[in-house]
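A.B. asks: Take this structure, written in structure tokens, and hold onto it; I'll ask about it next.
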Amino acid sequence: MKSNSKVTFINIVALLGFALLAVASFLGAQFLTKGSMGMSIGIALVVVLLPAIALYGAVKCKEVDNNFDRWKKIEIALVIVFWLTALPGIYYSLQCFSVVGSRARLSELAQADVKAVNDLFNSYERFETEALDLTRVSLENALGQPSDELVNAYMTSAAITTPDNIDTWLLTQRMLLLGSRGVDGFNYISYKESVDSVATDWLNHISSSDIMYIANHAADLDVIAPDVAARLTENSANGKLPVFEFDNGTYRVTDHGKVTKLDAPQLSLGSAVANFAGINAMGVIFVIVVFGMIFLNYIFAHRSNKTGIGQTTNGVIEGGNTL
């Protein structure tokens, strides 16, 4: 390649194009790998190096001044290789701009995910509140009435002999299920506040269109939601809330240790970011501009005018510079 200012400028443009490609590919890989930094860096390097090597080879083949037919074939092959190795970069760049261009939609999905996690707490509280109310009615009805062995055993274990004992027992159960005195030190109030704080902070970052945060933390609630469902289901099992029914003059236990079982919801944001989201105009324009900048390095590369002995230029036999 000739060392003139025009070509030097083209080189700089190509390097800038590769730099932009590396950044876009890194971000696209971050989205698709759910924030895997090492994998994203590796992908960005491969996406840049492979087409760079192919393009460099094509440029060098274009500059040779001997064995034109052979080098021309290699040059064409390397140009084809360049565009083939450019496909991963195009893919990751399109993913990057697809996510960047969908920030309003991502914010909506994040809000829906936070609501889904909050609904776990709402469902749990609704179930346990109803269970406590139903247990109160059962205990009040069965107190002092003919009961089977299971009902009597429950009354004895709970030290229930008067209506006031029912209030005391239910307060204990409420603190266990919905308060700060859970089994094994579980504090429902603190746990709920902690999850709410994390979810709120997460939603604020997503809604602020913090691209790197979205890349690294889009799937955070996918980890939190199953933990919430499991912890609340476990805590519900620790409550002892029976339901009694009156049968042939005797109160019997019909539903002892009633438990709410919560399933983790299917969240949307993590999968939306981690799956290829399609093509938008911004991404297409970026790809055309960047690869145009890069390919200019080949287009403006100097092609030698020398020929070998016996070869012709415009039909005139010339003595070449090589034997």
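A.B. asks: Let me spell it out: the conditions are (1) of a type in the set (D, E, K, R); (2) over 26 Å from Ala199 (Cβ atoms); (3) surrounded by 17 or more Cβ atoms within 10 Å (Cβ to Cβ), and Asp113 meets all of them except one. Which number is the exception?
C.D. replies: All conditions pass for Asp113, except number (2).
A.B. asks: Here is a follow-up. Quick check on the stretch 86-103: of everything there that is at pLDDT below 85 and assigned to a helix (DSSP H, G or I), which residue is surrounded by the fewest Cβ atoms within 10 Å (Cβ to Cβ)? Spell out the reasoning first.
C.D. replies: Pass one, the stretch 86-103, residues at pLDDT below 85: 100-103.
Narrowing the set further to residues that are assigned to a helix (DSSP H, G or I) leaves 100, 103.
On the way: Val100: 20, Arg103: 16.
Filtering first and then ranking leaves Arg103.
A.B. asks: Just to be sure, is Tyr56 out of contact with any helix residue (DSSP H, G or I) (no Cβ under 7 Å at 6 or more places or on another chain), at pLDDT 90 or above and either assigned to a helix (DSSP H, G or I) or outside the structural domain of Val289 (by TED's automatic domain parsing) (or both)? Spell out the reasoning first.
C.D. replies: Details: out of contact with any helix residue (DSSP H, G or I) (no Cβ under 7 Å at 6 or more places or on another chain): yes; at pLDDT 90 or above: yes; either assigned to a helix (DSSP H, G or I) or outside the structural domain of Val289 (by TED's automatic domain parsing) (or both): yes.
It is true that Tyr56 is out of contact with any helix residue (DSSP H, G or I) (no Cβ under 7 Å at 6 or more places or on another chain), at pLDDT 90 or above and either assigned to a helix (DSSP H, G or I) or outside the structural domain of Val289 (by TED's automatic domain parsing) (or both).
A.B. asks: Turning to a different aspect of this structure: Restricting the search to the stretch 185-209, which residues are outside any helix (DSSP H, G or I), of a type in the set (Ser, Thr, Tyr) and in contact (Cβ under 8 Å) with a residue 40 or more places away in the chain? Explain how you work it out, then say what you get.
C.D. replies: Narrowing the stretch 185-209 to residues outside any helix (DSSP H, G or I): 186-187, 208-209.
In the following step, the residues that additionally are of a type in the set (Ser, Thr, Tyr) were identified as 208-209.
Hit for the stretch 185-209 is Ser209, nothing else.
A.B. asks: Tell me, which residue of the stretch 224-267 that is among the polar types (S, T, N, Q) and within 17 Å of Asn187 (Cα to Cα) is modelled with the highest pLDDT?
C.D. replies: So, considering only residues that are among the polar types (S, T, N, Q) and within 17 Å of Asn187 (Cα to Cα), the one modelled with the highest pLDDT is Thr233.
A.B. asks: Can you tell me how many residues within the stretch 117-136 are under 12 Å from Arg174 (Cα atoms) and under 31 Å from the mean Cα position of the chain (by Cα)?
C.D. replies: Total satisfying the criteria: 1.
A.B. asks: For the stretch 150-161, what are the residues that are closer than 21 Å to Thr250 by Cβ and surrounded by fewer than 18 Cβ atoms within 10 Å (Cβ to Cβ)?
C.D. replies: Our first condition is that a residue be closer than 21 Å to Thr250 by Cβ; within the stretch 150-161, this holds for 150-158, 160-161.
Within the stretch 150-161, Leu150, Asn152, Ala153, Thr156, Ser157, Thr161 qualify.
A.B. asks: Give the residues of the stretch 203-242 that are surrounded by 15 or more Cβ atoms within 10 Å (Cβ to Cβ), under 23 Å from Leu178 (Cα atoms) and either in contact with a strand residue (DSSP E or B) (Cβ under 9 Å, 6 or more places away or on another chain) or among the hydrophobic types (A, V, I, L, M, F, W, C) (or both), sorted by residue number.
C.D. replies: Leu221, Ile224, Ala225, Val228, Ala229, Leu232, Leu241, Pro242
A.B. asks: Assess whether Thr260 counts as being closer than 30 Å to Pro146 by Cβ and of a type in the set (S, T, N, Q). Quick ask: steps written out before the conclusion?
C.D. replies: Details: closer than 30 Å to Pro146 by Cβ: no; of a type in the set (S, T, N, Q): yes.
The answer is no for Thr260.
Results for (1) acidic (Asp, Glu); (2) in contact with a strand residue (DSSP E or B) (Cβ under 7 Å, 6 or more places away or on another chain), shown as yes or no for each residue.
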| position | (1), (2) |
| --- | --- |
| Asp119 | yes, no |
| Glu130 | yes, no |
| Ser138 | no, yes |
| Asp148 | yes, yes |
| Ala153 | no, no |
| Ala158 | no, no |
| Pro163 | no, no |
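A.B. asks: Picking from Thr162, Thr168, Thr156, which residue would you name as being out of contact with any Lys or Arg (no Cβ under 6 Å at 6 or more places or on another chain), closer than 18 Å to Ala131 by Cα, among the polar types (S, T, N, Q) and assigned by TED's automatic domain parsing to the domain that holds Asp247? Spell out the reasoning first.
C.D. replies: Details: Thr162 fails: closer than 18 Å to Ala131 by Cα; Thr156 fails: closer than 18 Å to Ala131 by Cα.
Criteria check complete, one pass: Thr168.
The values are calculated or read from the model by the stated rules, or taken from the named source; none is laboratory data. It should be emphasised that the depicted structure is a prediction, and the values quoted were computed from it without experimental measurement. Glycine gets a Cβ as well: all are built from the backbone with ideal geometry, and neighbour counts include every protein chain shown.
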